[in-house]
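Have a look at the structure below, then the notes.
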Amino acid sequence: MATYAEYLKSQGATDDEIKILVTPTTERAFAKMQEQAEASTKAALAEYEGKVSKWYADEIKPLTERQQKELVSAKAKAAAREAEIKSLQEAGLLEVAVAQDTRTAAATTAANGTTPEEFDPKKYKLITEDALPQFAAAQGKGMIRLAKILDEHRKLGLPEFDPEQLYDEAAAKGKQFPDYWAEKFNVSAKRQELAEKAQKDHDARIAADAIAKYKAENGAMPGTGAPRPSGFAFSRKSSDNAKLQPWLVGDKEKEDRAVENALKKVAERTGTA
């Protein structure tokens, strides 16, 4: 008996798909369904053989025996009739051609007995040999669909269940297994709930990314930003060291500026400026 993984491989499933679909639960369910399918097939074949045997015993055999008896009786009557005709011919009371027609008619009557009705499996709702491949394919597709249901059931975070028990419940209520599963566990509402949560999480990530980008570009405090050169059109950065701000001038430049300023003030007081 093939394993579930081997079956999926034979159906063209990839290794990644097999890793997702094959779980202890699906393996047990697959083995169980294989046993049920095998038992169902054996039971169907046994039922088929039983009905064929009964059909043969009730219809074919009695009809064959009756036809055999009728054939023997027809032959006996034909022989008696032929003897009678021969006697009449010898007496000159009947032509040879008439006797020949009589023998032909008797043989035709004996040969054209009631033909037994051909056995039709569909009449007894049995699986025919031609339908067996379709039956097996349907079983395989049912297993793949069950695996998908079990996988989605796990992803939705729904409580565990026994697939065989749920199948019996669905059958008792005259419902298809997928429909009953979705109804019992309110799958549509759970799907909607997870879809809304996924959308909220997506929106939250977008908002967080936008805030992080704003902080990186403008600083953590609103209205402030990272230091950068002034964009004021009338403010220009001087390249002349003499015009640098005092805190940007070195010690040598500071001494030179102090001497220069002192000389200017002396010149102003003495009027020599």
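The values are calculated or read from the model by the stated rules, or taken from the named source; none is laboratory data. Since this is a predicted model, take the numbers as computed values, not measurements. Cβ coordinates were reconstructed from backbone atoms using ideal geometry, including for glycine residues, and neighbour counts include every protein chain displayed.
Cβ-Cβ distances below 7 Å connect the following pairs, each with a first residue in region 42-62 that is surrounded by 11 or more Cβ atoms within 10 Å (Cβ to Cβ), a second residue that is assigned to a helix (DSSP H, G or I), and a separation of six or more residues or different chains: Tyr48/Pro121; Lys51/Tyr124.
For region 49-77, give me each residue that is within 30 Å of Gln139 (Cβ to Cβ) and at pLDDT below 80. Can you show your working first?
Pass one, region 49-77, residues within 30 Å of Gln139 (Cβ to Cβ): 49-55.
Within region 49-77, Val52, Trp55 qualify.
None of Lys190, Lys215 is at pLDDT 75 or above and within 30 Å of Lys155 (Cα to Cα) except Lys190. The selection criterion, being among the aliphatic types (A, V, I, L, M), modelled with pLDDT of 85 or more and surrounded by 10 or more Cβ atoms within 10 Å (Cβ to Cβ), does not hold for Leu146. Taking first residues from region 3-20 that are touching a residue at least 60 places away in the same chain (Cβ under 8 Å) and within 15 Å of Gln34 (Cβ to Cβ) and partners that are among the acidic types (Asp, Glu) and surrounded by 12 or more Cβ atoms within 10 Å (Cβ to Cβ), the Cβ contacts under 8 Å between residues at least 6 apart in sequence or on separate chains come to Tyr4/Glu27; Leu8/Glu17.
When only residues in region 23-41 that are without any contact (Cβ under 8 Å) to a residue 60 or more places away in the chain and of a type in the set (A, V, I, L, M) count, which is farthest from Pro163 (Cα to Cα)? Looking at residues that are without any contact (Cβ under 8 Å) to a residue 60 or more places away in the chain and of a type in the set (A, V, I, L, M), I get Ala39.
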